[in-house]
Amino acid sequence: MRRILVTGALGQIGSELVPALRQLHGAEAVVASDVRIPSAGGDPNGPFEVLDVTNARQLQDLVQRYDAGTIFHLASLLSATSEERPQMAWDLNLGGLYRVLEVARENRAAVFFPSSIAAFGPSTPRTGTPQDTIQRPNTIYGVTKVAGELLADYYAKRFGVDVRGLRFPGLISYTAPPGGGTTDYAVAIFYEALRHGSYECFLGADTRLDMMYMPDAVRAILELMDADPARLRHRNAFNITATNFTPAELAVEIQRHLPEFRIVYRVDPVRQAIADSWPESLDDRAAREEWGWRPAFDLAAIAADMLAQLRLRLFT
Ligand SMILES: NC(=O)c1ccc[n+]([C@@H]2O[C@H](COP(=O)([O-])OP(=O)(O)OC[C@H]3O[C@@H](n4cnc5c(N)ncnc54)[C@H](O)[C@@H]3O)[C@@H](O)[C@H]2O)c1
């Protein structure tokens, strides 16, 4: 059986996707890789390799050495970090994807590539954002995501590479910290609520964005990659969402569990501008119809589970 390679495996998604893949396929079948090495005490349950995805030779060697038949390509700079380092964002986000698609073409491997709500921009309809609509983002992160979606479509059509993808909303999780995105507040708020009883939010109170809990995100990746290709009209860049809320609404939900919790706002203009250019709510009917997408966690369920899990991690 051909193995699975995960790039950027130590990040927020990879640290939960790798254990899920190992549970399904066995530890030895899943090769985790990242440009950095796991911290002491990190997940030792299976092969790990250092891989810089911008290094074509390293990537080719690894795919051939392990006979990787599927690549889950997660290595990327996120939205806020990309604005700080736009040149690197281009090289890593698009250059890395190009190299992954090339190696997949040469080795007949399938690819998963996550896009984002950042692939939309200020001229996109903001509510009920359709699957197929205007995509003119004004962030470098968004530019790399749109270009990546198009490149993935091209490799599927021109070379027959089985590349599939999702446009993720903000992802909320407790295993690994988020990597420098605009929706990071929705994770940090839980840590600060439990540790200090208050949180200073870098987005304004009424900034509405789509969000999803990591167990839903991981399940979506696995279900899409498992879907019958005959039913996939889009294949790549499916809108998916689970819920949407504002910082003020999230604070009220946390107060149901921690009545003393307080939120204050100190808006970061860079991240606020990014958030203001994104949709408030995606229409994910294509994902629901073509491969049966259904989220399991709404805002109440996310808040309850985050607080329960973090209490265990922080205080026991
Ligand atoms: N987390 C979210 O909320 C979210 C939302 C939408 C889309 N996405 C997308 O999902 C993917 C994964 O996101 P994440 O949240 O896990 O990101 P993350 O920042 O947590 O992890 C990215 C990982 O890539 C690694 N990396 C950086 N440069 C590398 C290189 N040159 N070679 C190999 N690895 C390298 C980093 O060390 C890190 O472990 C990205 O494409 C991201 O754009 C994430």
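The values are calculated or read from the model by the stated rules, or taken from the named source; none is laboratory data. Everything numeric here is computed off the predicted structure, so don't read it as measured data. As a convention, Cβ positions derive from the backbone with ideal geometry for all residues, glycine included, and neighbour counts pool all protein chains shown. The protein model used for the area step is the full one, side chains on, heavy atoms only, and it has no ligands, DNA or RNA in it. Shrake-Rupley method; radii C 1.70, N 1.55, O 1.52, S 1.80 Å.
Using 0.36 nm per residue and subtracting the Cα-Cα separation, the extra length available between residue 58 and residue 45 on full extension is 2.4 nm.
Among beta bridges identified by DSSP and lying wholly in the chain, the antiparallel ones come to about 10 percent. Highest mobility in the GNM of the chain, judged by mean-square fluctuation with C-alpha springs under 10 Å and restricted to 183, 133, 124, is found for 133.
Seen from residue 208, the other residues with C-beta closer than 10 Å to its C-beta sum to a net charge of -3, counting Lys and Arg as +1 and Asp and Glu as -1.
Given a cut-off of under 8 Å on Cα pairs at least six residues apart, what relative contact order in percent is computed for segment 161-316?
34
What number comes out for accessible area per residue over segment 123-206 if the probe is 1.4 Å? Units Å², please.
40
Distances over 16 Å make up what percent of all Cα-Cα pairs in segment 30-109? Roughly 53 percent, rounded to a whole number. Here segment 56-136 exposes an accessible surface that is 47 percent carbon and sulfur, computed with a 1.4 Å probe and the other protein chains kept in place.
Secondary structure note: in segment 164-316, about 25% of the DSSP beta bridges are antiparallel.
Compute the Cα gyration tensor for segment 218-267, then decide on rounded, prolate or oblate, letting a ≥ b ≥ c be the square roots of its eigenvalues: rounded whenever a/c is under 1.5, prolate when a/b is larger than b/c in the other cases, and oblate in all that remain. Display every interim value, and only then the final one.
On the way: a/c = 4.91, a/b = 2.99, b/c = 1.64.
Prolate is the answer for segment 218-267, as a/c is 1.5 or above and a/b outweighs b/c.
Would you work out if segment 1-55 is rounded, prolate or oblate? Take a ≥ b ≥ c from the square roots of the eigenvalues of the alpha-carbon gyration tensor; rounded if a/c is under 1.5, else prolate when a/b is larger than b/c, oblate otherwise. The shape class here is oblate. For segment 119-217, the extents of the C-alpha atoms along the principal axes are 54, 30, 23 Å, listed from largest to smallest.
What per residue convex hull volume, in Å³, do the alpha-carbon atoms of the chain yield? Kindly include the intermediate steps, with their values, before the conclusion.
Details: hull volume 39.6 nm³, N = 316.
Roughly 125 Å³ of hull volume per residue.
Note down the magnitude of the dipole of the chain about its Cα centre, charges +1 on Lys and Arg C-beta and -1 on Asp and Glu C-beta and zero elsewhere, to the nearest 20 debye. Roughly 440 debye, rounded to the nearest 20. Between residue 205 and residue 188, the distance separating the two model label sites (each 7 Å from Cα on the Cα→Cβ line) works out to 2.0 nm. Of the residues 75, 109, 300, which exhibits the maximal mean-square fluctuation in a Gaussian network model of the chain defined by a 10 Å Cα contact cut-off? Sorting by GNM fluctuation, first place goes to 300.
Quick check on segment 1-145: of the DSSP beta bridges with both residues there, what percent are antiparallel, nearest 5%?
Details: 0 of 14 bridges.
Just about 0 percent of them are antiparallel.
Can you bin segment 220-316 into rounded, prolate or oblate? Criterion: square roots of the alpha carbon gyration tensor eigenvalues sorted a ≥ b ≥ c, rounded for a/c under 1.5, prolate for a/b above b/c, oblate for the rest. Judged from the Cα gyration tensor, segment 220-316 comes out oblate (a/c at least 1.5, b/c at or above a/b). Relative contact order, whole percent, for the chain stands at 18, derived from Cα pairs under 8 Å and 6 or more residues apart. Taking label points 7 Å from Cα along the Cα-to-Cβ direction, residue 198 and residue 127 give a separation of 3.4 nm. Between 225, 212, 88, the residue with the greatest mean-square fluctuation in the GNM of the chain (Cα pairs under 10 Å linked by springs) is 88.
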